[in-house]
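Colleague: Below you'll find the structure I mean.
The values are calculated or read from the model by the stated rules, or taken from the named source; none is laboratory data. Because the structure is predicted, anything quoted here is derived from the model rather than measured. No Cβ is skipped: glycine too gets one built from the backbone with ideal geometry, and neighbour counts run over all protein chains shown. Areas reflect the complete protein model, heavy atoms only, side chains present, ligands, DNA and RNA absent. Shrake-Rupley method; radii C 1.70, N 1.55, O 1.52, S 1.80 Å.
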Amino acid sequence: MDGMTATASRRVLLAAPRGYCAGVDRAVIAVEKALEQYGAPIYVRHEIVHNKYVVQTLEKKGAIFVEQTAEVPEGSIVMFSAHGVAPTVHAEAAERKLATIDATCPLVTKVHKEAVRYAKEDYDILLIGHEGHEEVIGTSGEAPDHITLVDGPDDVANVEVRDESKVVWLSQTTLSVDETMETVGALKNKFPNLLSPPSDDICYATQNRQVAVKKLAEDAELVIVVGSKNSSNSIRMVEVALDAGAPAAHLVDFADEIDEAWLEGVTTVGLTSGASVPDVLVDGVLEWLAQRGYGDVETVKTADESITFSLPKELRRDLRAEAAELSGE
């Protein structure tokens, strides 16, 4: 900071849209409503969304996050996260006599349905995504005999199909738009008859947030993305910022993770947040920056978002009674 002149104008460019998307908002509210309606504990298979603060906050309210369905006591209520699960997980829950709430993002559900439809038509499905990501595991589970994972353009050379005239691509919803289309281009070079899904599977929120980050990168010497390290869309936003020309970009969960050395010589900071990040965390970063002279905040708006999703239908039923009935109590 010593290299900054006293008269230099320090500002923050605040991305809009940023933070919660409709699918995340729906999933978080679903957990809160379930706790309010049925009381604690409510079991959630995997993190409801990939954000440390959100998970910790819900844990304090009585949510219990588990990795496997087998960890949920029989006769309990279990919620499936926004990333979606494979059909085998629904079967496991039924075997354990669990009442279930499916908080899968409707846009992920759309990809699941596309996978089922193309598998029925005997297509080879090339799923563009990152190995081990919960969404990829869930989608792959819809048609395991027909789906091949393609983890980026470098993976295309290894892809083999049964019939080059019956190949379609689908994708994880939280990827970088640019990276996905690069992979699609490489796949089309190898399989000229490659079919595209009926609509773009990259979700609107992922795309909008990446467009906003590119805009920030035009003027900011430093871009800060608020998000957790297991959040695919947050990680992608850091990469997008750097690819778009930002000299530096960093991912932080909280304001106290920012290194003051990052501000050396910086007059303009770009600030945004991943799709699973509540605005209270962004407010914390704005306060931290203001204390260091970056009090001038300018909103950079690149899109309007008005999409909302209704809550899972299961929240309109008496799940405690259903769970007791299932377990024979």
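Colleague: Quick one: Trp169 ticks every box in (1) over 30 Å from Arg10 (Cα atoms); (2) modelled with pLDDT of 95 or more; (3) outside any strand (DSSP E or B); (4) of a type outside the set (S, T, N, Q) except a single one, so which number is it?
Modeller: (3)
Colleague: Suppose we filter Glu182, Glu221, Glu134 for residues that are free of Cβ contacts under 8 Å to residues at least 60 places away in the same chain, open to solvent by 20 Å² or more (accessible area, probe 1.4 Å) and within 23 Å of the chain's Cα centre (by Cα); which single one remains?
Modeller: Glu182
Colleague: Among the numbered criteria (1) more than 30 Å from Tyr118 (Cβ to Cβ); (2) open to solvent by less than 50 Å² (accessible area, probe 1.4 Å), which one does Asp201 miss?
Modeller: Against the list (1) more than 30 Å from Tyr118 (Cβ to Cβ); (2) open to solvent by less than 50 Å² (accessible area, probe 1.4 Å), Asp201 comes up short only on (1).
Colleague: Still on this model: Which ones in region 250-278 are surrounded by 18 or more Cβ atoms within 10 Å (Cβ to Cβ) and either over 17 Å from Tyr294 (Cα atoms) or modelled with pLDDT under 95 (or both)?
Modeller: Leu251, Val252, Ser273, Gly274, Ala275, Ser276, Val277, Pro278
Colleague: Which of (1) of a type outside the set (Asp, Glu); (2) open to solvent by 50 Å² or more (accessible area, probe 1.4 Å); (3) under 15 Å from the mean Cα position of the chain (by Cα) is the odd one out, the single condition Leu195 does not satisfy?
Modeller: All conditions are met except number (3).
Colleague: Checking the conditions here, which among Val24, Val44, Val55 is modelled with pLDDT of 95 or more, in a helix (DSSP H, G or I) and in contact with a strand residue (DSSP E or B) (Cβ under 7 Å, 6 or more places away or on another chain)?
Modeller: Val55
Colleague: Please work out if Ser231 is modelled with pLDDT under 95, under 24 Å from the mean Cα position of the chain (by Cα) and under 17 Å from Ser176 (Cα atoms).
Modeller: The answer is yes for Ser231.
Colleague: State which residue is nearest to Thr272 (Cα to Cα) when the search covers only region 196-222 and only residues that are in a loop (DSSP other than H, G, I, E, B) and among the polar types (S, T, N, Q).
Modeller: Ser199
Colleague: For residues in region 153-179 being polar (S, T, N, Q) and within 14 Å of His130 (Cα to Cα), which is farthest from the chain's Cα centre (by Cα)?
Modeller: Ranking the candidates gives Ser171 first.
Colleague: Only one of (1) closer than 25 Å to Thr173 by Cα; (2) over 15 Å from the mean Cα position of the chain (by Cα) fails for Leu98. Which number is that?
Modeller: Of the numbered conditions (1) closer than 25 Å to Thr173 by Cα; (2) over 15 Å from the mean Cα position of the chain (by Cα), the odd one out for Leu98 is (1).
Colleague: Next question, about the same structure. Of all residues in region 124-155, which are in contact with a Phe, Trp or Tyr (Cβ under 7 Å, 6 or more places away or on another chain) and assigned to a loop (DSSP other than H, G, I, E, B)? First the steps, then the outcome.
Modeller: Taking region 124-155 and keeping what is in contact with a Phe, Trp or Tyr (Cβ under 7 Å, 6 or more places away or on another chain), we get 125-126, 128, 146.
Across region 124-155, the qualifying residue is only His146.
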